[in-house]
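First the structure, in the form of structure tokens, and then the observations on it.
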Amino acid sequence: MSYRIAPSILSANFARLGEEVESVVAAGADLVHFDVMDNHYVPNLTIGPLVCEAIRPLVKVPIDVHLMVRPVDRIVPDFAKAGANIISFHPEASDHVDRTIGLIREQGCKAGLVLNPATPLSHLDHVMEKLDLILIMSVNPGFGGQQFIAGALRKLAAVRERVRAAGRDIWVEVDGGIKVENIGDAARAGADTFVAGSAIFGSKDFKATITAMRAELAKV
Ligand code: DX5
Ligand code: ZN
């Protein structure tokens, strides 16, 4: 199993975002997780395609855009043009989930579906063959620094089983409350891609934190 660590820049210092992105990649990040919030679908407002475009030339790693916006489709091409590599969205935020997945892929990006803590796995039923990534929320979306909801572990295990049955290389990502202390549990449950915001950007030494996370993953 190859594991990927995706620091969420939601917890970065926005006054010097470019430097933060460069240093987290230098510290060993595999992806840059980019949280987009609209103050409608979630009660917070963050960053959009202009910021994605601004950080794109600074790093080579994929930019993993997590859309927490409604509607979804209008903004997808903007993120593709801004250099996003992966675009994930919540099924509740799209009227036509299959169409949105198709749109993301037509734009040349990998497509992900995000399931909130109370969102059932049945949303995956008819779209597994079109997904590149499934993101399991282990907090309710909207804010960094929340506590990991333990029920996400059972859900990760169920998603991993579905991915195995589908026989395709679909990434299983977990987002919310991931730290050095619980990243191993999330990996054992079935996650292969780990978003961590406050645990990395809130630490003094990004490299030490990412290295400690990898050491936990090596024990799995
Ligand atoms: C929450 C976001 C997360 C958030 C994670 O809505 O999707 O990506 O930044 O932050 P931590 O790791 O602090 O829970
Ligand atoms: Zn996120």
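The values are calculated or read from the model by the stated rules, or taken from the named source; none is laboratory data. Nothing here was measured: the structure is a model prediction, and the numbers come from that model. Cβ: placed from backbone, ideal geometry, glycine included. Neighbour counts: every protein chain shown.
From the list 61, 42, 21, exactly one residue is assigned to a helix (DSSP H, G or I) and among the β-branched types (Val, Ile, Thr). Which is it? Full working, then the answer.
On the way: 61 fails: assigned to a helix (DSSP H, G or I); 42 fails: assigned to a helix (DSSP H, G or I).
Result of the check over 61, 42, 21: 21.
So if I check each of 108, 102, which one is modelled with pLDDT of 95 or more, out of contact with any Phe, Trp or Tyr (no Cβ under 8 Å at 6 or more places or on another chain) and in a helix (DSSP H, G or I)? Don't jump to the end; show me each part of the working.
Values: 108 fails: in a helix (DSSP H, G or I).
Within the list 108, 102, the selection yields 102.
Which residues, taken from segment 166-220, are within 16 Å of ligand 2 (Cβ to nearest atom) and basic (Lys, Arg)?
Within segment 166-220, 179 is the sole residue that qualifies.
Got at least one residue in segment 192-202 being within 13 Å of ligand 1 (Cβ to nearest atom), touching a residue at least 24 places away in the same chain (Cβ under 8 Å), part of a loop (DSSP other than H, G, I, E, B) and aromatic (Phe, Trp, Tyr)?
As a first pass, look at segment 192-202 and keep what is within 13 Å of ligand 1 (Cβ to nearest atom): 193-202.
From what's left, touching a residue at least 24 places away in the same chain (Cβ under 8 Å): 193-198, 200-202.
Of the ones still in play, those that are also part of a loop (DSSP other than H, G, I, E, B) are 197, 202.
The next check asks that each one be aromatic (Phe, Trp, Tyr); those that pass are none.
Among the residues of segment 192-202, not one is within 13 Å of ligand 1 (Cβ to nearest atom), touching a residue at least 24 places away in the same chain (Cβ under 8 Å), part of a loop (DSSP other than H, G, I, E, B) and aromatic (Phe, Trp, Tyr), which makes the answer no.
Going through segment 14-34 one residue at a time, which ones are within 14 Å of ligand 1 (Cβ to nearest atom) and in contact (Cβ under 8 Å) with a residue 40 or more places away in the chain?
20, 24, 29, 31, 33, 34, listed by residue number.
Name every residue in segment 4-24 that is within 18 Å of the chain's Cα centre (by Cα) and farther than 12 Å from residue 55 by Cα, in order of residue number.
If the condition is that a residue be within 18 Å of the chain's Cα centre (by Cα) and farther than 12 Å from residue 55 by Cα, then 4, 5, 6, 7, 8, 10, 11, 12, 24 are the ones that fit.
Specify which of the listed residues (172, 180, 114) is within 16 Å of ligand 1 (Cβ to nearest atom), in a loop (DSSP other than H, G, I, E, B) and either aliphatic (A, V, I, L, M) or out of contact with any Cys (no Cβ under 7 Å at 6 or more places or on another chain) (or both).
Answer to the check: 180.
Yes or no: residue 80 in contact with a Cys (Cβ under 7 Å, 6 or more places away or on another chain), of a type in the set (A, V, I, L, M) and in a helix (DSSP H, G or I)?
On the way: in contact with a Cys (Cβ under 7 Å, 6 or more places away or on another chain): yes; of a type in the set (A, V, I, L, M): yes; in a helix (DSSP H, G or I): yes.
Taking the combined requirement at face value, the residue satisfies it.
Mind checking which residues of segment 203-219 are exposed (fewer than 13 other Cβ atoms within 10 Å of the Cβ) and part of a loop (DSSP other than H, G, I, E, B)?
Of everything in segment 203-219, those that are exposed (fewer than 13 other Cβ atoms within 10 Å of the Cβ) and part of a loop (DSSP other than H, G, I, E, B) turn out to be 204, 205, 219.
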